[in-house]
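Engineer: If you scroll down you'll find the structure; I have some questions about it.
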Amino acid sequence: MSSRGAQSSQPRGAGGPGSSHDGAGGAASAAGGAASGTGACAASTNGGEPASEREGDAGPASESRRRRRFRGNVRGCGAGRHPSRDEPSGRHRRNHIAPKPCHAPGVHRVFLLSPANTGGVRGRMLLRDEASFALAERVRSRDGAPIGEVMAFVSGLYFRGKLAYARAFARPPEQQPGVLVITSCDGLVPAEARVTVTSLLRHAEVDIHEKEPRYLRPLLRSAAALEAAAPGSEVVLLGSIATGKYLAPLASVFGDRLLFPADFAGRGDMSRGGLLLRCVDEGRELGYVPIAGAVRHAPRPPRLVPR
């Protein structure tokens with residue numbers, strides 16, 4: 001058999017196995033990702049032709065054919081994907097155990113929402129005397145506007161997601177509110193409680209800090225009242241646990257029943273808000289873990305897939 005015939009008898013498409021590319025995944029995220037397929041592209045490029053065309057051809061025509069074949073193979077193997085953004089790392093996929101939502105019958109659940117900063121651009125816009133849009137006029141009126149609606153305007157996506165999610169999945173005891181907003185000087189107030197310009201300006205004068213008595217005392221007082229009215233209820237904090245400003249006082253009252261969504265770890269505010277709104281649309285409740293002893297900082301999870 002001639003040398004060329006021996007080369008042509010080699011099996012076509014004998015490429016090596018594809019290699020996976022791992023990106024940054026959330027330590028508490030339950031999302032998984034498939035391997036990017038870059039290795040499969042390389043295998044198809046190198047193993048799909050006889051050896052006489054893979055090696056030793058240096059002419060312009062063969063070079064042009066190789067380039068065309070390479071471009072076609074890359075397009076077929078998921079070119080344009082960004083593994084570091086789209087896929088969690090293999091280490092986190094192996095070690096992560098996804099928390100399960102608690103749906104035990106008879107277990108009540110109340111949500112606590114961290115407030116928005118009224119000193120930002122949208123807060124100043126709302127409180128301007130010249131503001132003529134409907135919410136600003138209601139805030140300036142004697143009756144005021146619901147604090148949940150005000151915070152959703154000031155914060156945008158994040159608080160809007162928290163409010164919609166909490167309203168969808170709260171299971172409070174009878175005659176008790178299921179969604180409470182943390183304030184700087186009035187403790188925990190129902191999301192439907194009305195606020196005016198005067199009360200918002202009063203809130204803006206007090207820093208939210210675990211050593212600020214004007215913040216701490218009313219918060220502990222209202223948390224104790226919630227514990228007495230809803231004993232044994234699960235309390236889910238939709239807010240930051242990176243510092244002790246919410247965690248320390250609330251954990252001193254609710255202990256291990258103070259929970260937070262495990263999928264919040266590693267996400268920024270916008271990502272959390274988008275995740276919560278998506279869960280509301282899908283009717284899907286997240287899993288919660290006790291804040292005590294939980295991982296507070298984690299690698300950034302994959303971005304939400306646009307819809």
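Engineer: State whether the residues of segment 228-239 include one that is in a helix (DSSP H, G or I), under 18 Å from Thr183 (Cα atoms) and touching a Lys or Arg at 6+ places or on another chain (Cβ under 9 Å).
Structural biologist: In the first step, residues of segment 228-239 are kept if they are in a helix (DSSP H, G or I); the result is 228-229.
Of the ones still in play, those that are also under 18 Å from Thr183 (Cα atoms) are none.
No, there is no match, as no residue in segment 228-239 is in a helix (DSSP H, G or I), under 18 Å from Thr183 (Cα atoms) and touching a Lys or Arg at 6+ places or on another chain (Cβ under 9 Å).
Engineer: Could you grab me the full set of residues in segment 188-212 that are farther than 30 Å from Glu130 by Cα and modelled with pLDDT of 95 or more?
Structural biologist: If the condition is that a residue be farther than 30 Å from Glu130 by Cα and modelled with pLDDT of 95 or more, then Leu188, Glu212 are the ones that fit.
Engineer: For segment 240-286, how many residues meet the condition of being crowded, with 19+ Cβ neighbours inside 10 Å, without any contact (Cβ under 8 Å) to a residue 60 or more places away in the chain and outside any helix (DSSP H, G or I)?
Structural biologist: Going through segment 240-286 one residue at a time, the tally reaches 5.
Engineer: Kindly indicate whether any position in segment 218-228 is touching a strand residue (DSSP E or B) at 6+ places or on another chain (Cβ under 6 Å) and either at negative phi or not hydroxyl-bearing (Ser, Thr, Tyr) (or both). Spell out the reasoning first.
Structural biologist: Quick first cut of segment 218-228, residues touching a strand residue (DSSP E or B) at 6+ places or on another chain (Cβ under 6 Å) only: 222.
From what is left, the residues that are either at negative phi or not hydroxyl-bearing (Ser, Thr, Tyr) (or both) are 222.
So far as segment 218-228 goes, yes, one or more of its residues are touching a strand residue (DSSP E or B) at 6+ places or on another chain (Cβ under 6 Å) and either at negative phi or not hydroxyl-bearing (Ser, Thr, Tyr) (or both).
Engineer: While we're on this one: In the list Leu259, Leu247, Leu226, Leu216, which residue meets the criterion of being among the aliphatic types (A, V, I, L, M) and in contact with a Cys (Cβ under 9 Å, 6 or more places away or on another chain)?
Structural biologist: Numbers: Leu247 fails: in contact with a Cys (Cβ under 9 Å, 6 or more places away or on another chain); Leu226 fails: in contact with a Cys (Cβ under 9 Å, 6 or more places away or on another chain); Leu216 fails: in contact with a Cys (Cβ under 9 Å, 6 or more places away or on another chain).
Exactly one residue qualifies, and that residue is Leu259.
For (1) out of contact with any Asp or Glu (no Cβ under 8 Å at 6 or more places or on another chain); (2) over 30 Å from Arg284 (Cβ atoms), each residue gets a yes or a no:
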residue: Arg142; (1), (2): yes, yes
residue: Arg171; (1), (2): yes, no
residue: Thr183; (1), (2): yes, no
residue: His203; (1), (2): no, yes
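Engineer: Quick one: in segment 171-223, of everything that is hydrophobic (A, V, I, L, M, F, W, C) and part of a helix (DSSP H, G or I), which residue is surrounded by the most Cβ atoms within 10 Å (Cβ to Cβ)? Walk me through how you get there before you give the answer.
Structural biologist: Within segment 171-223, the first condition is being hydrophobic (A, V, I, L, M, F, W, C), and the residues that meet it are 179-182, 185, 188-189, 191, 193, 195, 197, 200-201, 204, 206, 208, 216, 219-220, 223.
Imposing the further condition that a residue be part of a helix (DSSP H, G or I) reduces the set to 197, 200-201, 204, 216, 219-220, 223.
On the way: Val197: 16, Leu200: 20, Leu201: 11, Ala204: 15, Leu216: 17, Leu219: 26, Leu220: 15, Ala223: 23.
The residue in question is Leu219.
The values are calculated or read from the model by the stated rules, or taken from the named source; none is laboratory data. The shown structure was predicted, so the numbers you read here are calculated from the model rather than taken from an experiment. Every residue, glycine among them, receives a Cβ derived from its backbone with ideal geometry; neighbour counts consider all protein chains shown.
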